[in-house]
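Note sheet for the following structure.
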Amino acid sequence: MVPPFQIYPPDPALKPLLQQKIDQKTKPLGALGRLEALALQAGWVQQSLTPVLQAPHMLVFAGDHGAARAGVSAYPQDVTWQMVENFLAGGAAINVFCRTNGLALSVVDAGVAHDFAPRAGLVQAKVAAGTANFIATAAMSPEQRDTALERGAEMARALVAKGCNVLGFGEMGIGNTAAAALLAHVLTGVPLSDCVGRGTGLDDAGLGRKRQLLIQAAARAGLPAGSAEPLTALAEFGGFEIAMMAGAMLAGAEAGALLLIDGFIVSAAALVAARLHPALVNYCVFGHRSAEPGHAAVLAALDAQPLLDLGLRLGEGTGAALAYPLLQAAVAFLNDMASFESAGVAEKS
């Protein structure tokens, strides 16, 4: 059984005071645009007029998908473990962006079909060596799903206990845009054809094959599009990395941390978590809008406005890492920018 989470919206009483503080900065009302909403969110979540970002940490969850061998991806499944090795060697885009922006990075083996030697930066939390092929059967058993959720929750709790109050989320898993597309379809009701994209770069023939395979998977599971029970959908179509992310998000929100949400796959995990506990969205900072078409459906279902729109479709947490400096800037102006009164500047008459 999934352990209960206690997630509530932050106390709204502080919101007017935060807005007043923002409005008294030396600028026209609203002149910092989305940064003002971001500053208010940070202060509201932390229940502080002077929020502080502490020990930000990016978690990149990796897992394999049985459906990858059926042809839903342009890349072979071995790329999952090879990219994990690249993360651990410090050579991937997410490594570069985390180093650039001051984010610690851990790579989580949630369910890769490969055995990794222990080393610094690797969290070994493997549930199994990849999920089953969701075209033919459920991707994971309820027991496996619950194990993944709990292991993710344990990671988030451990980081928060060490002082982290900003958790970033990324993923790696050949075939996981297919899993995210199915989750988006059954949880939002958006037609499956509008949720399926090219993933790692399928050509037109490959995209057509992927759509047909996912139609088969959806028909096999028979879940009601738009009203599927989230834990059932997760077991049917999810990956261990998606389930583990959802568990970490739930525990992070429960502990009052800000959650940096990356693109399509991470947002699909957030959608599962938010269907279980709707208050989770208050803690989410959506980093970017993915080029994957299904991301639009997920963002709309979460009423989310991402910070960046750069045409990214890499995954790994790259969009979340690139958005983190905007969160830093929002907190910095809230804390350090002069007010009209302190600067002796006349306000608008």
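Listed values, structure above:
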read-out	value
Single residue of Leu271, Leu260, Leu299 found to be within 14 Å of the chain's Cα centre (by Cα), closer than 25 Å to Thr200 by Cβ and not in a helix (DSSP H, G or I)	Leu260
Count of residues meeting criterion [surrounded by fewer than 24 Cβ atoms within 10 Å (Cβ to Cβ) and small (Gly, Ala, Ser)] in region 142-189	5
Residue count for region 302-349, restricted to those that are assigned to a helix (DSSP H, G or I), hydroxyl-bearing (Ser, Thr, Tyr), in contact (Cβ under 8 Å) with a residue 60 or more places away in the chain and farther than 22 Å from Asn176 by Cα	1
Search result, residues across region 234-257 that are surrounded by fewer than 24 Cβ atoms within 10 Å (Cβ to Cβ) and either assigned to a helix (DSSP H, G or I) or out of contact with any helix residue (DSSP H, G or I) (no Cβ under 7 Å at 6 or more places or on another chain) (or both)	Ala235, Glu254
Filtered residues of region 1-46 (kept if among the polar types (S, T, N, Q), touching a residue at least 60 places away in the same chain (Cβ under 8 Å) and farther than 15 Å from Cys284 by Cβ)	Gln6, Gln24, Thr26
Long-range neighbours under 8 Å by Cβ, at least six apart or interchain, first residue among the β-branched types (Val, Ile, Thr) within region 228-244, second surrounded by fewer than 23 Cβ atoms within 10 Å (Cβ to Cβ)	Thr232/Leu223
Any hit, region 48-64, residues being under 21 Å from Ala321 (Cα atoms) and among the aromatic types (Phe, Trp, Tyr)	yes
Number of positions in region 313-327 that are in contact with a helix residue (DSSP H, G or I) (Cβ under 8 Å, 6 or more places away or on another chain) and more than 18 Å from Ile242 (Cα to Cα)	6
Residue in region 63-85 that is within 18 Å of the chain's Cα centre (by Cα), over 27 Å from Ala178 (Cβ atoms) and in contact (Cβ under 8 Å) with a residue 24 or more places away in the chain present	no
Among (1) touching a strand residue (DSSP E or B) at 6+ places or on another chain (Cβ under 7 Å); (2) crowded, with 24+ Cβ neighbours inside 10 Å - the single one His295 does not satisfy	(1)
Residue selected from region 331-349 under the condition over 14 Å from Val166 (Cα atoms) and at pLDDT 95 or above, by the criterion surrounded by the fewest Cβ atoms within 10 Å (Cβ to Cβ)	Asp336
For Tyr75: the one exception among (1) in contact with a Phe, Trp or Tyr (Cβ under 7 Å, 6 or more places away or on another chain); (2) assigned to a loop (DSSP other than H, G, I, E, B)	(1)
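One line per residue, one yes/no per condition, for (1) more than 20 Å from Gly152 (Cα to Cα); (2) buried (at least 18 other Cβ atoms within 10 Å of the Cβ):
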| site | (1), (2) |
| --- | --- |
| Leu49 | yes, no |
| Phe61 | no, yes |
| Val72 | yes, yes |
| Thr80 | no, yes |
| Met83 | yes, yes |
| Asn86 | yes, yes |
| Gly91 | yes, no |
| Gly111 | no, yes |
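The values are calculated or read from the model by the stated rules, or taken from the named source; none is laboratory data. Bear in mind that the values here come from a model prediction, so they are computed numbers and not experimental data. Here Cβ is always computed from backbone atoms with ideal geometry, including for glycine, and neighbour counts include all displayed protein chains.
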